[in-house]
Amino acid sequence: MYRLLTIFVLVAGLIFLTGCSGGSALDNTSAAVFLTVEIEQYNPEVNVCAVAGDLTIESMNIESKPKNPDVALTANQGVNLQDWEITVRRTDGGTVTSPDWYNAVPVFVPAGGIAALENYRIYPEEFLDDPPFNYLFPENGGVDPETGTSFVREGLNLVIHGSVVSGKAISTQPVEVSFRFYCN
């Protein structure tokens, strides 16, 4: 009897754990759509000594595409994007990077449609006064000490997070935007 009770408890525990280990409604892969970002126009050359405002992407499209092209999308698969996540990496061999950045900007992408964005802020101007960019200022020698060059190259990796109208979490596919920073 004790053995039967032990087996019953183990089986019940396994069933409970299996039920709890499934995906959640907030799983990024559970939405019926996926998002792509296409950057159509931006200025990759940034003069850190003459910038007047935040870095922006002049023209960008965020497109909602069905995961299954045979399924008709409804308004519940529209996407409310909110959190812009920018992670930074050096692409010129240097190791000192400007800080990662987060921004909350609402954007709606209709189900199966496109949000065409213009002049969207990708990076704040105030970070251009900090390392590694401040090494490029004439009063600081005008040269990046890590690479010995008069410019810094960075890739800004952009991912935008939000949720579909039905409540499931979703993020854009990552896209890297490359910049060359210099001082004239």
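Each reported figure results from applying straightforward, stated rules to the coordinates on display, with no laboratory input. From a predicted model like this one, the values you see are computed outputs, not experimental measurements. FYI the Cβ positions are ideal-geometry reconstructions off the backbone, even for glycines, and counts take in every protein chain you see.
Using the Cα atoms of the range 25-182, I'd like the radius of gyration and the largest Cα-Cα distance, Dmax, both in angstrom.
Rg and Dmax of the range 25-182, Cα atoms, are 18.1, 61 Å.
According to a simple spin-label model (label point 7 Å from Cα along Cα-to-Cβ), what is the distance in nm between residue 45 and residue 116?
With each label placed 7 Å out from Cα toward Cβ, I get 2.8 nm.
Order the peptides 174-183, 37-46 from the highest to the lowest mean number of other Cβ atoms within 10 Å of their residues.
By packing density, highest mean first, the sequence is 174-183, 37-46.
Among 85-92, 104-111, how do they line up by average Cβ neighbours within 10 Å per residue, starting with the highest?
The packing order, highest mean first, is 85-92, 104-111.
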